[in-house]
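J.: Sharing a structure with you now.
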Amino acid sequence: MDSLLILVLLFVVCIVVSILGTILLFFIQNRKIQNVIFFVLSCWAFFISYVNAISIPMVYMGQQMLAWIFGFLSAVALLIRYAGKAKTRYTVTNILVTVSIVSSALGVFLFMR
């Protein structure tokens with residue numbers, strides 16, 4: 001099997017899982033299920049950032065740091081979600097995880113040449 005085909009399949013799976021997870025995160029009203037989806041998506045966002053950061057050559061240190069920053073956005077969202085007291089923390093953390101996923105996926109897509 002061609003390695004480029006495997007890379008494209010990995011990217012398509014990442015995008016499909018990210019889109020479905022984000023849609024479920026915003027449209028499911030049950031708080032317990034939403035918390036589980038949020039935790040899984042936070043780990044997923046960090047995984048995508050990890051793949052993005054290790055796929056960039058060491059010469060592009062600025063882009064690597066940017067990839068790691070997008071990954072740590074999901075870690076910040078986890079901290080806010082489970083340590084925060086305000087009622088708006090759910091919406092804010094959902095948006096942070098979505099931004100982390102979208103920016104990391106775009107980073108993988110834009111650097112894949």
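The values are calculated or read from the model by the stated rules, or taken from the named source; none is laboratory data. All values reported here derive from a predicted model rather than from experimental measurement. Each accessible area value is taken on the protein alone, full model and side chains, heavy atoms only, with ligands, DNA and RNA left out. Shrake-Rupley method; radii C 1.70, N 1.55, O 1.52, S 1.80 Å.
J.: If you build a Gaussian network model of the chain, linking Cα atoms that sit under 10 Å apart, which residue out of VAL59, VAL102, VAL17 swings the most?
T.: VAL59
J.: Something else: Over the chain, with every protein chain in place, what whole percent of the accessible area is carbon and sulfur at 1.4 Å, could you tell me?
T.: 79
J.: Another question about this same structure. Given an 8 Å cut-off on Cα distances and at least 6 residues of separation, report the relative contact order of the chain as a percent.
T.: 29
J.: On to the next question. Heavy-atom accessible area per residue, the chain, 1.4 Å probe: how many Å²?
T.: Value for the chain: 64 Å² per residue.
J.: Okay, moving on. Does the chain come out rounded, prolate or oblate, given a ≥ b ≥ c as the square roots of the eigenvalues of its C-alpha gyration tensor, rounded meaning a/c under 1.5 and, failing that, prolate meaning a/b above b/c?
T.: oblate
J.: Also: From the phi angles alone, apply the Karplus equation (6.51, -1.76, 1.60; θ = phi - 60°) to the range 54-64 and give each ³J(HN,Hα) in whole Hz, x where the residue is Gly or Pro.
T.: Running phi through 6.51 cos²θ - 1.76 cosθ + 1.60 with θ = phi - 60° gives 7, 8, 8, x, 5, 5, 8, 5, x, 5, 5 Hz.
J.: If I fit a long axis through the Cα atoms of helix 89-111 and take the longest principal axis of the Cα atoms of the chain, what angle between them do I get, 0 to 90°, rounded to 10?
T.: Around 10 degrees separate the two axes.
J.: Which ³J(HN,Hα) values, rounded to whole Hz and listed in residue order, are derived for the range 66-75 from phi using the Karplus coefficients 6.51, -1.76 and 1.60 in 6.51 cos²θ - 1.76 cosθ + 1.60 with θ = phi - 60°, glycine and proline given as x?
T.: My calculation for the range 66-75 gives 4, 5, 5, 4, 5, x, 6, 4, 5, 5 Hz in order.
J.: Moving to a separate point now. For the chain, what does the helix formula give at 222 nm: sum of -39500 (n - 2.57) over DSSP H segments with n ≥ 4, over the residue count, nearest 500 deg cm²/dmol?
T.: When only DSSP H runs of four or more count, the value is -30000 deg cm²/dmol.
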